[in-house]
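Below you'll find the structure, written out as structure tokens, and then a few comments.
The values are calculated or read from the model by the stated rules, or taken from the named source; none is laboratory data. Treat the numbers as computed from the prediction; the structure is a model and nothing was measured. Glycine also receives a Cβ, built like all others from the backbone with ideal geometry; neighbour counts cover every protein chain displayed.
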């Protein structure tokens, strides 16, 4: 019975008749049990007020900080047949070292002199381009010569036409003069005939005038014929001018057509030259791809293809390489509920598989075998495993991570959050609430205010 009140029951009731009261009445250990119960109760109450560091648990594995330092597979850029291996699993290779040699399996590349033959074709086509260029230049010179000749010929024809016009005018004037002379000769003949009839002039005078009249009649026929000839020459000059214009227009059209044909052939040949240059470069590059080389310094982890004589397609994985130098990191995965509570730059405690550890979640300071880390990146898209990926780098202010860690080893993480009493953490857990949200910036600002 506990003596915790002045209203005692033993004054009202005889407890000696009860077996339990007889057993505990004179038991000396009763006082000790009571003290222990009180001590445990007080200790539990005090423990409820102890500080507890809230944390976010995660699990993952060891990886590298930079993508280029992670294990990678080497692929065959072209398809081929495996002819020779130069490495074996576990070998150390430097960047550019030969891993294997492939032979060609496509009939389009069987020619051993394919590059040299393509280069010869390229040079021939380049010479053809130069020839067509010279032909175009020659045709342009021919066009210029035809134009100059056309100008001179047309000028000559125009001058001749002008001369024909002037000659027609001159002959027409001469014809009119002859007509006038004929009229005068006829008048003189009539006058001489009348004077002879009157006996004033002899017959010889009349005959002279008749002869002169006949001469003028013959002259007018000659002059008319000459005039008609001049008009005919004028028509011929006009026709010659028209013929020259048509002839040189035809020559110019033909020369221009030949020039355009040469230009078209030149452009087509230049296109073929560009295509051959591309083929030549591709063939040269392809020749260098028969040897598969190491992209960086590292160790051959595993040969993904084996044997000799096996054919592989382009893009086929051949071997996997682990880089020899890398910066280690941890890739951890957290639940979506905890993802908003972690931020870049926050502290994380990590322990690795194979290293002895004693971990107290709420008291990271008294844990043993854990290593410090800093969150350097967080993925904003959920992973296939239903969690969010977080990348953690070593904390430079704490002890170094084990040097014997291997890539892919398991790791457990604790992202440290706010420090609260234990009773608050128990209440939060029972109610299913998330840990307290806070940012590193707010924490830094609080420290500055305290200072």
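Here are 328, 285: which of them is on the phi < 0 side of the Ramachandran plot, crowded, with 16+ Cβ neighbours inside 10 Å and modelled with pLDDT under 90? Steps first, answer last, please.
On the way: 285 fails: crowded, with 16+ Cβ neighbours inside 10 Å.
Within the list 328, 285, the selection yields 328.
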Any chance residue 307 is outside any strand (DSSP E or B), over 37 Å from the mean Cα position of the chain (by Cα) and not assigned by TED's automatic domain parsing to the domain that holds residue 57: yes
Any hit, the stretch 96-117, residues being surrounded by 13 or more Cβ atoms within 10 Å (Cβ to Cβ), without any contact (Cβ under 8 Å) to a residue 24 or more places away in the chain and farther than 30 Å from residue 248 by Cβ: yes
Complete set of residues in the stretch 47-63 that are surrounded by fewer than 19 Cβ atoms within 10 Å (Cβ to Cβ) and at pLDDT 80 or above: 57, 59, 61
From the options 232, 196, 236, 141, residue that is surrounded by fewer than 13 Cβ atoms within 10 Å (Cβ to Cβ) and over 60 Å from the mean Cα position of the chain (by Cα): 232
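Report whether or not residue 143 is at pLDDT below 85 and touching a helix residue (DSSP H, G or I) at 6+ places or on another chain (Cβ under 8 Å).
Numbers: at pLDDT below 85: no; touching a helix residue (DSSP H, G or I) at 6+ places or on another chain (Cβ under 8 Å): yes.
In short, no.
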Residue 167, sole failed condition from (1) farther than 19 Å from residue 219 by Cβ; (2) touching a residue at least 60 places away in the same chain (Cβ under 8 Å): (1)
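Can you tell which of 270, 250 is closer than 30 Å to residue 131 by Cβ, out of contact with any helix residue (DSSP H, G or I) (no Cβ under 9 Å at 6 or more places or on another chain) and at pLDDT 80 or above?
Numbers: 270 fails: out of contact with any helix residue (DSSP H, G or I) (no Cβ under 9 Å at 6 or more places or on another chain).
Just a single option satisfies the conditions, and that option is 250.
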